[in-house]
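Beneath this line is the structure, given in structure tokens, with notes to follow.
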Amino acid sequence: MITIPYLTALTTYFSYGLLFAFGQFRDFFRKIFDWWNSSNLQGYAPICLGLEDFYIRRLYLRIQDCFGRPIASAPDAWFDVVERYSNDYNKTLKRTANVSRCLNLGSYNYLGFAAADEYCTPRVIESLKRFSPSTCSTRVDGGTTSLHEELEECVANFVGKPAALVFGMGYVTNSAILPVLIGKGGLIISDSLNHNSIVNGARGSGATVRVFQHNTPSHLDKVLREQIADGQPRTHRPWKKIIVVVEGIYSMEGEICKLPEIVAICKKYKAYVYLDEAHSIGAVGKTGRGVCELLGVDTADVDIMMGTFTKSFGSCGGYIAGSKELIKYLKYTCPAHLYATSISPPAAQQIISSLKVILGEDGSSRGAQKLARIRENSNFFRSELQKMGFEVLGDNDSPVMPIMLYNPAKIPAFSRECLSQNVAVVTVAFPATPLLLARARICISASHTKDDLLKALEVISRVGDLVGIKYFPAEAQKLEFEKDAHKMD
């Protein structure tokens, strides 16, 4: 877990307190000035009300130019960011015809398949001509094509499971699957930092939800033991089913799940393991098969394997892989399969083609080269950031590396200054993270060259000095040595 320096926590609390006080002060005068204005909604409760509305109006809108930036090209190593302006103090933003060519450090394009590819793109275009952009139907009606069946077979073989089921949206894969797998009388034990899609799916299931400390197997063991001993609330009957839900790589922390220990504990207590590999499938492991391959875990020990196609495969949608009985059951009961339009055929073809490249079935070694490059780029970039004195979260081999900002004033300062120097970064703040733990989340791609990474490091270092987010002393000699070595290369 993150330990915030005392002075940093104090100044962060003070900054939020100041923003809150000024916001309340402005709202007070706003009520006075609006008192005379008539309203056509007399008797109606306000649609937007409460602290969430206050946070959006008085905190988020002040820096909303740092979020939701439109782009005008494919999300490759470099992309075009549309310039915007505001005439009302950031309440609304208007696009211009101008674009800035920026280094892309924010997209999930881990293997570089999001841009045009010599193998994937021609096949996607051909599938577009053959099948059209949409099936215009659900899977159980007229929405299942030969591509969908081929894709499910490819995914099942790739992750090492007997069968798989694909969906048109990654978020829905979690939020719609969990309520089908478990219900009242069941127990979901979730990592405290699991993605919002898991949280919503668990809440919608009707099952009892318990949380264990982030990536801490010992606490999971304790929670499982206590819950099994106590049983269901009030009745204390045995649980009908227990599912432990974890992620392969945590998207806001960049940490790799301690899967071997978690699997061992679940075996001990006969609990099912649900693994979300949204950020790990295709990005880690010798052949890109995710954390099971990276950590040496047999996929037979993971009961439900979930993943998305929006990161490493340059497409959209998600999948569930498991036993044939599980997948057959989901086909009859899951609303995301029964009622949602099936995944677009060109998107399905993109996934199939990228999988073939990763596996070397395109007749080249580009897939292996991409996997080696994403690993080298990630480890190099992380180590250089740490040498500069930044507080960087996450583990080696993870392409996600958050740089801690903490103070709310440093969120827009870091984002805007990087953009002015043609480096596009993603900043993340409350409610996506806890209030005090704002960060910039860097996502590295195999399409980044060494020159791209060195430019990014130079800009981030300069902006870090300007904004004041180097919380540790820099290793000056090592950093200079590394720069000289790269120049020699």
Hits in the range 40-72 - residues which are of a type in the set (Gly, Ala, Ser) and in contact (Cβ under 8 Å) with a residue 24 or more places away in the chain: Ala72
Residue tally, condition farther than 22 Å from Ile374 by Cβ, open to solvent by less than 70 Å² (accessible area, probe 1.4 Å) and in contact (Cβ under 8 Å) with a residue 60 or more places away in the chain, over the range 79-108: 2
Candidate set from the range 315-332 (those that are open to solvent by 30 Å² or more (accessible area, probe 1.4 Å) and part of a loop (DSSP other than H, G, I, E, B)); member that is nearest to Tyr171 (Cα to Cα): Cys316
Residue in the range 109-148 that is surrounded by the fewest Cβ atoms within 10 Å (Cβ to Cβ), counting only those that are closer than 30 Å to Ser398 by Cβ and small (Gly, Ala, Ser): Ala116
Per-region count, the range 280-300, residues open to solvent by less than 10 Å² (accessible area, probe 1.4 Å) and not in a loop (DSSP other than H, G, I, E, B): 2
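For the range 172-191, what are the residues that are more than 15 Å from Thr208 (Cα to Cα) and touching a strand residue (DSSP E or B) at 6+ places or on another chain (Cβ under 8 Å)?
Taking the range 172-191 as the starting set, the residues that turn out to be more than 15 Å from Thr208 (Cα to Cα) are 172-177.
Passing the criteria: Val172, Thr173, Asn174, Ala176, Ile177.
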Selection within the range 278-301 - in contact (Cβ under 8 Å) with a residue 40 or more places away in the chain and not small (Gly, Ala, Ser): His279, Ile281, Val284, Lys286, Thr287, Arg289, Val291, Cys292, Leu294, Thr299
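Here is a yes/no grid of residues against (1) under 15 Å from Gly106 (Cα atoms); (2) in a helix (DSSP H, G or I):
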site	(1), (2)
Pro402	yes, no
Arg416	yes, yes
Phe430	no, no
Thr433	no, no
Arg439	yes, no
Ile442	yes, no
Ser447	yes, no
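The values are calculated or read from the model by the stated rules, or taken from the named source; none is laboratory data. Predicted model only: the values in this text are computed from it and were never measured. Methodologically, a virtual Cβ is constructed for each residue, glycine included, from the backbone with ideal geometry; neighbour enumeration extends over all protein chains shown. What goes into the accessible areas is simple: the full protein's heavy atoms, side chains included, and nothing from ligands, DNA or RNA. Shrake-Rupley method; radii C 1.70, N 1.55, O 1.52, S 1.80 Å.
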